[in-house]
Amino acid sequence: MNYHLNIKEIRKLSETEFELEVTYTFTTSVKLPKLLMEKLERIAKEQKVTKSDLIRGWIHSFLALNPAEQDVIVSTYGKVSLDGGVKVLGIRLVDEVLNELDEIARRNNVSRSDIIRSIMVFKIEGYEKAK
């Protein structure tokens with residue numbers, strides 16, 4: 001996992017003191033079945049956004065749900081088979097989001113990748129039903 005330190009704002013407190021507002025951004029990799037990746041690419045192209053932006057939006061909407069709803073989604077969509085070939089996708093997430101995903105993963109006894117894959121399957125299924 002790679003991390004990036006982003007300086008958002010610098011405030012001068014005195015001649016020799018400064019205050020920095022920083023955020024940590026981590027790049028996490030997720031293995032996805034080829035079919036899931038193809039569907040993600042198609043939806044991202046239709047919505048004219050990057051795959052990472054699309055997934056980040058899905059993750060943020062997932063985190064806005066209450067814990068009971070999150071747990072239902074994870075238990076329903078959590079076991080995605082990686083048979084038939086996989087592709088690896090890297091996603092940059094801020095520290096707070098990563099921590100929330102890790103907490104949900106611990107609560108459901110699954111991996112962070114399982115959480116991200118379950119969010120994707122849930123959102124793709126909803127997108128395809130809406131068409």
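Each reported figure results from applying straightforward, stated rules to the coordinates on display, with no laboratory input. Predicted, not measured: the structure shown is a model, and the values here were computed from it. Heads up, the Cβs are rebuilt from the backbone with ideal geometry, glycines too, and the neighbour counts pull from every protein chain shown.
Before moving on, here are some points about what is shown:
- Computed with the Debye formula from one identical point scatterer per Cα of region 30-109, without solvent, the log10 of I(q)/I(0) at q = 0.16, 0.20, 0.23 Å⁻¹ comes to -0.70, -1.09, -1.32.
- Within the chain, the longest segment free of exposed loop sites, counting GluC sites (Glu not before Pro) that fall outside DSSP classes H, G, I, E and B and have at most 10 other Cβ atoms within 10 Å, spans 18-131.
- Principal-axis tilt of helix 51-63 within the chain, Cα atoms, nearest 10 degrees: 90
- Separation in nanometres of the label points that stand 7 Å from Cα toward Cβ, at V22 and D53: 2.8
- Counting only Cβ charges, +1 for Lys and Arg and -1 for Asp and Glu, the dipole size of the chain around its Cα centre is about 760 debye.
- Local electrostatic count at K31 - Lys and Arg +1, Asp and Glu -1, tallied over other residues with Cβ under 12 Å: +2
- Cross-link pairs K79/K131; K45/K129; K31/K129; K51/K87; K34/K131; K31/K123 - those with Cα-Cα distance over 20 Å: K79/K131; K31/K129; K34/K131
- Around H60: net Lys/Arg minus Asp/Glu count, Cβ-Cβ under 12 Å: -1
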